[in-house]
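Here's the structure we're looking at; comments come further down.
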Ligand code: HEM
């Protein structure tokens with residue numbers, strides 16, 4: 001069972017890779033389409049001198065969808081749509097493989113599959129991709145974000161498999177409690193949503209730069225992305241959804257720590273970083289609600305929050321020792 | 001975010017005849033401190049200030065690591081110590097940040113609380129003159145019931161409604177501000193709970209060896225380390241006694257623990273003696289204290305019969321060294337050994353001590369330094385005998401777990417041999433005395449705590465969460481309806497009932513709410529009688545999602 005799970009993880013990574021490549025193809029064909037459309041007459045266009053990275057140095061002023069004009073562009077657009085479709089299907093397949101890998105892992109261990117860092121990362125990434133599919137179903141227009149999402153998935157799941165992998169073992173008694181299940185389930189869930197949330201956050205920062213006229217490297221990637229306002233909105237919705245769950249998870253952790261170690265809060269490195277993440281995300285929501293703080297500043301805080309989560313997930317398990325050191329490294 | 005606009009950080013100074021500079025400065029600083037921007041900066045500082053607390057070892061988390069750090073970085077450590085680097089969360093600067101933050105918080109919520117209560121008690125405002133200037137606007141035919149019918153539809157949808165002549169004003173979503181205030185107030189209460197626990201709580205750690213002769217009663221002296229809050233004195237400790245009857249631990253074949261259980265007899269004042277079990281994750285709840293199981297180990301029973309034939313037994317816990325197999329080390333000291341029965345005098349140079357390494361499951365072949373499994377499959381005690389002045393009389397408190405190294409260095413204590421013993425085996429020393437290894441008893445590591453703030457913490461955390469959700473998902477908005485005749489605003493204020501009358505409607509979201517257009521459209525449809533008047537409007541979140549769909553490009 002556990003060997004099956006390991007194989008499924010490998011297949012899931014491959015499927016994510018396929019999804020990522022298809023998204024990239026869609027991106028590239030999208031650019032081709034722009035180029036083709038530019039050559040068509042009556043298009044209002046704008047010459048950008050030093051359009052480093054922007055093919056031909058010419059881009060459309062309008063960021064709205066451009067109906068294919070020339071037949072060449074039509075074919076490219078069709079192919080782009082096909083690539084996008086393949087990408088979505090591959091993501092769904094990958095997510096299913098991912099899910100089955102988790103379930104078999106859980107069955108093999110006879111418990112919830114989140115007893116160590118490997119399983120934890122696997123579960124968080126699954127939540128991230130599942131939430132992404134929900135978002136995608138509700139707002140198909142955001143599909144192009146999938147490139148970034150699948151990139152994150154490939155990186156994290158592959159890191160999990162190559163670096164963090166540990167064989168199946170049961171839990172130590174300290175972890176054997178209802179509150180543990182509640183605590184970790186909610187931490188995993190909210191981390192997954194935060195993970196997904198960072199994708200539109202980064203995309204927004206790039207897109208905003210692009211819309212403000214920046215045409216240097218990272219911004220040019222944002223050319224085909226949804227409008228900045230929509231990305232910002234999605235970033236907020238995901239974070240606002242996740243933050244109370246994360247808050248609850250931290251509280252559940254404190255309740256569990258009280259029962260297991262006799263104190264609800266002890267500034268163990270893991271707890272300290274959870275506190276830091278909480279404060280940073282609270283800062284994000286706060287900043288977004290503060291009129292004098294610009295939206296991109298607020299969004300940077302959200303990205304920073306994600307780094308603190310990563311620090312807690314990887315850094316604390318690797319660099320520090322504390323009561324929470326059951327990462328399995 | 002329209003109602004809760006920041007109050008201006010630097011208000012325009014009113015020209016006054018004799019401006020009181022100090023007062024103005026104070027007022028300005030207070031405004032500055034209670035602005036949302038300052039709160040944000042302080043939140044940031046708080047996050048940054050917490051980082052050293054995870055990077056440097058902390059005294060109240062792992063004092064041993066702090067000592068280690070001092071030996072590893074002899075130059076840096078004292079300087080860091082001065083800055084509070086090893087007690088970050090109790091340091092002046094950390095406290096300063098959170099105290100400022102909470103001052104800002106209180107300064108921020110009090111006026112908002114007042115305003116909000118006022119808003120809750122007042123009626124929705126008069127409709128603006130030009131409804132067509134509002135973000136949402138629509139004109140519809142007057143429904144059959146007139147103004148009263150419109151008000152009824154709104155009330156059914158849980159709007160707060162006021163009818164003024166031919167106008168209806170309605171507002172909804174007070175929950176947002178209510179939740180926000182509950183959330184921020186709960187933060188203050190959480191801090192109060194922490195303070196309560198700090199002032200009135202106490203805790204102590206100790207090891208408890210199984211057996212009635214080793215039972216412990218709750219007094220300050222009985223703890224290896226005890227921390228009493230500033231408002232607790234030793235007399236306040238509840239006087240219970242606990243005996244460890246049995247300790248069971250199960251392990252997997254890999255040595256990983258599977259389950260623990262400590263069976264104890266509890267004697268609380270004014271209650272019948274009772275048996276109880278507790279374990280990791282399920283502490284023993286006593287009157288005025290909780291007892292937590294933190295660890296466990298073995299206490300070897302070592303009997304020493306001195307050269308005069310007098311026996312003494314030591315049952316001291318051996319501390320585990322941290323490996324999976326529970327290799328433990330400790331000491332059996334016999335400071336009263338070799339008391340001359342004739343003179344009744346004790347020769348302090350003939351005191352005895354044995355340091356030892358206990359392996360519950362010794363390897364098949366030497367060296368016998370590391371146990372292979374945590375239960376006693378092949379127990380073995382590796383003893384080193386010492387004779388001489390143990391230094392226990394010098395008035396310097398010594399450790400019961402370690403031999404005083406100074407006495408060895410100065411030659412006052414000398415090693416007189418070593419031997420590996422199995423349970424039941426004995427070892428004859430050079431002076432004809434014998435030491436026997438009789439077996440072991442289990443011991444557990446206990447933490448006993450009383451935290452009067454924990455109830456407050458739990459309740460305030462519940463409110464905090466509820467408030468947070470209200471704050472994040474609530475949306476405040478207003479709608480206005482005005483009956484007009486012939487499509488133009490009617491300034492006379494008379495209520496026309498003729499069929500030709502129209503109703504003008506306007507909507508104003510007072511917080512960031514992209515789904516408002518949808519809700520407004522539904523509301524207008526419901527009021528004008530077509531659509532599905534009795535079907536409740538979609539929830540806010542649904543609305544926002546639907547609206548968001550159209551925002552993207554494709
Ligand atoms: C202890 C530190 C604080 C924390 C952890 C914190 C956290 C938060 C969070 C998470 C939100 C988002 C909820 C929402 O969007 O409705 C929020 C909103 C808000 N906070 Fe704080 N806050 C703190 C201190 C303060 C202070 C000192 C002020 C006043 C200066 C303040 C004023 C506000 C206001 C006005 C909102 C509402 C924003 C809105 O309308 O959405 N907070 N806070």
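The values are calculated or read from the model by the stated rules, or taken from the named source; none is laboratory data. Here the structure is a predicted model, which means the values were calculated and not measured. We place every Cβ from the backbone using ideal geometry, glycine too, and count neighbours over all the protein chains shown.
Only residues that are closer than 26 Å to residue B:250 by Cβ and part of a strand (DSSP E or B): list them for region B:319-331, please. Please lay out each step first, then the result.
Of the residues in region B:319-331, the ones closer than 26 Å to residue B:250 by Cβ are B:319-330.
Passing the criteria: B:319, B:320, B:328, B:329, B:330.
Restricting attention to region B:208-234, report how many residues are away from chain A (no Cβ under 14 Å) and closer than 18 Å to residue B:449 by Cβ.
Initially, region B:208-234 is screened for residues away from chain A (no Cβ under 14 Å), giving B:208-222, B:224, B:228, B:230-234.
Filter once more, so that each one left must be closer than 18 Å to residue B:449 by Cβ: B:208, B:216-222, B:224, B:228, B:230-234.
Residues in region B:208-234 being away from chain A (no Cβ under 14 Å) and closer than 18 Å to residue B:449 by Cβ: 15 in total.
Tally the residues that are more than 9 Å from chain B (Cβ to nearest Cβ) and outside any helix (DSSP H, G or I), restricting the search to region A:252-306.
Final tally of qualifying residues: 1.
For residue B:349, only one of the following conditions fails: (1) more than 46 Å from the chain's Cα centre (by Cα); (2) modelled with pLDDT of 90 or more; (3) surrounded by fewer than 20 Cβ atoms within 10 Å (Cβ to Cβ). What is its number?
Only one criterion is unmet by residue B:349, namely (2).
Which of the residues that make up region B:25-54 are farther than 19 Å from residue A:290 by Cβ and within 8 Å of another protein chain (Cβ to nearest Cβ)?
If the condition is that a residue be farther than 19 Å from residue A:290 by Cβ and within 8 Å of another protein chain (Cβ to nearest Cβ), then B:50, B:51, B:53, B:54 are the ones that fit.
From B:59, B:17, grab the single residue that is at pLDDT below 80 and either more than 8 Å from chain A (Cβ to nearest Cβ) or crowded, with 18+ Cβ neighbours inside 10 Å (or both).
Numbers: B:59 fails: at pLDDT below 80.
One residue alone meets the criteria, B:17.
With the condition being more than 30 Å from residue B:161 (Cβ to Cβ) and either within 14 Å of the ligand (Cβ to nearest atom) or within 13 Å of chain A (Cβ to nearest Cβ) (or both), I'd like the helices (runs of 4 or more DSSP H) fully within region B:63-124 carrying at least 2 qualifying residues.
Hits in region B:63-124: B:63-72, B:92-121.
Before we move on, is residue B:414 away from the ligand (no atom under 16 Å from the Cβ) and in contact (Cβ under 8 Å) with a residue 12 or more places away in the chain? Give the steps one after another, and end with the answer.
Numbers: away from the ligand (no atom under 16 Å from the Cβ): yes; in contact (Cβ under 8 Å) with a residue 12 or more places away in the chain: yes.
When the stated conditions are applied, residue B:414 passes them.
Given (1) touching a strand residue (DSSP E or B) at 6+ places or on another chain (Cβ under 9 Å); (2) assigned by TED's automatic domain parsing to the domain that holds residue B:512; (3) crowded, with 19+ Cβ neighbours inside 10 Å, where does residue B:153 come up short, assuming only one miss?
(1)
With respect to residue B:251, is the statement that it is outside the structural domain of residue B:382 (by TED's automatic domain parsing) and either without any contact (Cβ under 8 Å) to a residue 12 or more places away in the chain or buried (at least 20 other Cβ atoms within 10 Å of the Cβ) (or both) true?
Details: outside the structural domain of residue B:382 (by TED's automatic domain parsing): yes; either without any contact (Cβ under 8 Å) to a residue 12 or more places away in the chain or buried (at least 20 other Cβ atoms within 10 Å of the Cβ) (or both): no.
Answer is no for this residue.
Can you name the number of the only condition in (1) part of a loop (DSSP other than H, G, I, E, B); (2) buried (at least 16 other Cβ atoms within 10 Å of the Cβ) that residue B:242 fails?
(1)
I'd like the residue in region B:177-189 that is over 16 Å from residue B:457 (Cβ atoms) and within 11 Å of chain A (Cβ to nearest Cβ) and, out of all such residues, is farthest from the ligand (Cβ to nearest atom).
B:179
Quick check on residue B:163: is it in a strand (DSSP E or B), at pLDDT 90 or above and more than 12 Å from the ligand (Cβ to nearest atom)?
Details: in a strand (DSSP E or B): yes; at pLDDT 90 or above: yes; more than 12 Å from the ligand (Cβ to nearest atom): yes.
For residue B:163, the condition - in a strand (DSSP E or B), at pLDDT 90 or above and more than 12 Å from the ligand (Cβ to nearest atom) - is met.
Quickly run through region B:502-519 and pick out the residues that are assigned to a strand (DSSP E or B) and within 15 Å of the ligand (Cβ to nearest atom).
Passing the criteria: only B:509.
Could you list all residues from region B:265-318 that are within 14 Å of chain A (Cβ to nearest Cβ) and not in a strand (DSSP E or B)?
Correct list: B:280, B:281, B:283.
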